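The values are calculated or read from the model by the stated rules, or taken from the named source; none is laboratory data. Source: prediction; values computed, not measured. Heads up, the Cβs are rebuilt from the backbone with ideal geometry, glycines too, and the neighbour counts pull from every protein chain shown.
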Amino acid sequence: MIPEFAQQKIKQHKGRYDISKQLFERAEQLMPGGVNSPVRAFNGVGGHPIFIAGASGPIVQDMDENQYIDFVLSWGPMILGHAHPHVIKSVTERLSLGTSFGAPTDIETYLSDLICTRHESVEQLRLVNSGTEATMSAIRLARGYTGKDEIVKCNGCYHGHADGLLVSAGSGLATGGKPTSAGVPADIAKLTHVIEYNDTEALEALFKSNSNIACFIVEPVAGNMGCIPPAEDYLQKTRQLCDQYGVVLILDEVMTGCRVAYGSSQEIYGIKADMTCFGKVIGGGLPLAAYGGKKEIMQHLAPVGKVYQAGTLSGNPLAVSAGCATLEMLPKSAYDKLTQTTTRYVKMFEKALSDKGITHSINQVGSMFGIFFQPEAPSNFTEISTSHVEMYKKFFHALLDEGVYIAPSAYEACFMSLAHDDEAIESMTQQAVERAVQKL
């Protein structure tokens, strides 16, 4: 599975990760940090990243031909497992018709229908290429719709790398040890207000004191600080406050959308957003995202409205075909199976850690989960302990050496796929976790 290019560049190796190490050294010469997205560099856990050669089902294989049971799943999109036959067939057939046209295709309408059907709050939809593009565009639309300039986000919730959102952001930035990014002008950052996740009192106080807030953007389940669910009635109270003060509620479901439930987090918690951002699962592993919501709001988008947003590759037929194929394989019953499978694996991790007497807590929402090495799971970003981060680093490498790949950051969630529902895979995982725990 080693490409010819790599064969030409690597030296004779003997260690478990030698080829990946050599490839990373070469990559560092050509790309900043050797990666195209910061968290991939393993800065959050130490060491160098593994370079992936290929994957199938719940298994990824690196360039050293080590195989891993995968709980990263490309950071969430591969909900069916890697290289699912229906997705591969759909993309391959579409590929033979051409890769991009810059004109409408029927499958864009089909995918939009699939997404809108699942979400009562989404009456119209716009397809884009990334989660960042979706959140950035949704915020611009909220500003155009309300005529207001300022926004509110939560500390530790990551909504992409648009300038106005890189303010006390979590995820990749927290992993790199920088709470904000250089290059963001102060005049842009000051338009963003930051409060703690799960704190409706702070949200209400802000709304009361400021009449220029266009929107509140929030992850319904915070997945960029290790999977933190909303407190009881948090989202309902948030919905009430946004209605009361005329603020657009944007739910960032890029991570949770079509993953935690058929109708995403909004189905689980019984809430309707004004706008919702999607990504990851809806693209089936290809670059695709979307934002949508009330028709009253979406009609402010060009070409029918005055809020401009466009994209050469928006609705790319290859990405859309992968998204359609993925959603076709996810009826409501699939989510029951996913949740049940995830619960079994979570109990497996819990038992192994408890038997060793290691302090921990685990959160689960649907097919997402997060492991915390502290007595109680945090309810917001500031409650994540330093001791958790340090222990997580050790746990990550112990698991990696045993053939289990979890998120290379203490601030990220883990994900499950339908392909993990396999007795052999489950048994292999259990044995690997038990061996890894003994090293802690």
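Quick grid of which residues meet (1) touching a strand residue (DSSP E or B) at 6+ places or on another chain (Cβ under 6 Å); (2) assigned by TED's automatic domain parsing to the domain that holds residue 256:
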| position | (1), (2) |
| --- | --- |
| 310 | no, yes |
| 347 | no, no |
| 358 | no, no |
| 363 | yes, no |
| 369 | yes, no |
| 391 | no, no |
| 399 | no, no |
| 405 | yes, no |
| Where residue 67 falls short, out of the listed (1) farther than 17 Å from residue 327 by Cβ; (2) among the polar types (S, T, N, Q); (3) surrounded by 22 or more Cβ atoms within 10 Å (Cβ to Cβ) | (3)
| query | Hey, residue 410 hits all of (1) within 21 Å of the chain's Cα centre (by Cα); (2) free of Cβ contacts under 8 Å to residues at least 40 places away in the same chain; (3) over 27 Å from residue 84 (Cα atoms) but one; which does it fall short on? | reply | (2)
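Given the options 394, 347, 351, name the one that is basic (Lys, Arg), surrounded by 15 or more Cβ atoms within 10 Å (Cβ to Cβ) and assigned to a helix (DSSP H, G or I). Full working, then the answer.
Working: 347 fails: surrounded by 15 or more Cβ atoms within 10 Å (Cβ to Cβ); 351 fails: surrounded by 15 or more Cβ atoms within 10 Å (Cβ to Cβ).
Within the list 394, 347, 351, the selection yields 394.
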| request: With respect to residue 20, determine if the residue is part of a loop (DSSP other than H, G, I, E, B) and either touching a helix residue (DSSP H, G or I) at 6+ places or on another chain (Cβ under 9 Å) or of a type in the set (Gly, Ala, Ser) (or both). | output: no
| field | In region 72-105, the residues that are surrounded by 22 or more Cβ atoms within 10 Å (Cβ to Cβ), out of contact with any helix residue (DSSP H, G or I) (no Cβ under 8 Å at 6 or more places or on another chain) and part of a loop (DSSP other than H, G, I, E, B) | value | 78
